[in-house]
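**Student:** Here you go, one structure.
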Amino acid sequence: MASEQVLDVAVRRHVLTSERPFQVVLDGIYTGISQPDLGALFAKLAASTSYEEFTGLVRQAQGSAGLFRFWHLDDDHVLALDPQADQAGRRLVRLIAGNPVTMGQMTRHLPAAGSYAPVTIFIQELPGDRTQVAYDTVASAIAPYADAAASQVAQHLDTDVLSLLRHATGIPATAPPGPPRQARQPDEHRDCP
């Protein structure tokens, strides 16, 4: 019998605001996320005949944070063309990055975890040559499923991503995050994702 379930998922979003310029932050993020030729890489992965070969190919392709770029979306382009957008040349990038081995380690325990990998990193240029980076943790997204093994992999992934983002934005790794807050209404404070 067909059915539909609805789960409420409280996602933990980290918003890192940096005094560093947009391009410096973006370049810093790419120090940990490789940019391989995906067509060639996926062809090699598809031709692999063992898990060891597959994981070896991924390991060779991944950046220092264990991730590679799947997609880089310049969201600012459409806003530059939109006469109603008030972006004044500011840049917006949505970076989709991941690692198929990490995704496999989560989905072997919890298939639904595949909905949250690869991850999204949102980078926004702010007035005053500042930058804001937003990241929703995978561990918080899969928490409602209460799968300890998948959550452990997700927590490790989140730690690696947040370490990279803190490094790129110049936020010390030891700096405690500010207290959680409620999301703002869409029309308030447009500089916050």
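**Student:** Take the conditions more than 18 Å from the chain's Cα centre (by Cα) and free of Cβ contacts under 8 Å to residues at least 40 places away in the same chain and apply them to Tyr30. Does it pass? First the steps, then the outcome.
**Tutor:** On the way: more than 18 Å from the chain's Cα centre (by Cα): no; free of Cβ contacts under 8 Å to residues at least 40 places away in the same chain: yes.
For Tyr30, the condition - more than 18 Å from the chain's Cα centre (by Cα) and free of Cβ contacts under 8 Å to residues at least 40 places away in the same chain - is not met.
**Student:** Can you tell me which condition His77 does not meet? The list is (1) over 15 Å from Glu125 (Cβ atoms); (2) assigned to a helix (DSSP H, G or I); (3) not acidic (Asp, Glu), and all the others hold.
**Tutor:** (1)
**Student:** If Lys44 satisfies every condition in (1) surrounded by 13 or more Cβ atoms within 10 Å (Cβ to Cβ); (2) out of contact with any helix residue (DSSP H, G or I) (no Cβ under 6 Å at 6 or more places or on another chain) but one, which is the exception?
**Tutor:** Here Lys44 clears every test but (2).
Let's see how each residue does on (1) touching a Gly at 6+ places or on another chain (Cβ under 8 Å); (2) in a strand (DSSP E or B); (3) of a type outside the set (S, T, N, Q):
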site	(1), (2), (3)
Gly39	no, no, yes
Ala65	yes, no, yes
Arg69	no, yes, yes
Gly114	no, no, yes
Phe122	no, yes, yes
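**Student:** Pull up the stretch 47-63, narrow it to residues that are in a loop (DSSP other than H, G, I, E, B) and in contact with a strand residue (DSSP E or B) (Cβ under 7 Å, 6 or more places away or on another chain), then point me to the one that is surrounded by the fewest Cβ atoms within 10 Å (Cβ to Cβ).
**Tutor:** Of the residues in the stretch 47-63, the ones in a loop (DSSP other than H, G, I, E, B) are 48-50, 62-63.
This time we only want the ones that are in contact with a strand residue (DSSP E or B) (Cβ under 7 Å, 6 or more places away or on another chain), so: 62-63.
On the way: Gln62: 21, Gly63: 19.
In this case the residue turns out to be Gly63.
**Student:** Do we have any residue at all in the stretch 75-86 that's in contact with a strand residue (DSSP E or B) (Cβ under 7 Å, 6 or more places away or on another chain) and of a type in the set (D, E, K, R)?
**Tutor:** yes
**Student:** Regarding Phe22, is this residue of a type in the set (Phe, Trp, Tyr), more than 23 Å from Leu157 (Cβ to Cβ), surrounded by 13 or more Cβ atoms within 10 Å (Cβ to Cβ) and modelled with pLDDT of 95 or more?
**Tutor:** Answer is yes for this residue.
**Student:** Among the residues of the stretch 120-133 satisfying the criterion of being in contact (Cβ under 8 Å) with a residue 12 or more places away in the chain and surrounded by fewer than 18 Cβ atoms within 10 Å (Cβ to Cβ), which is nearest to Val9 (Cα to Cα)?
**Tutor:** Only one residue fits best here, namely Thr120.
The values are calculated or read from the model by the stated rules, or taken from the named source; none is laboratory data. A quick note: this is a predicted structure, and the numbers were derived from the prediction, not measured. Here the Cβ is made from the backbone with ideal geometry for all residues, glycine too, and neighbour counts use every protein chain on show.
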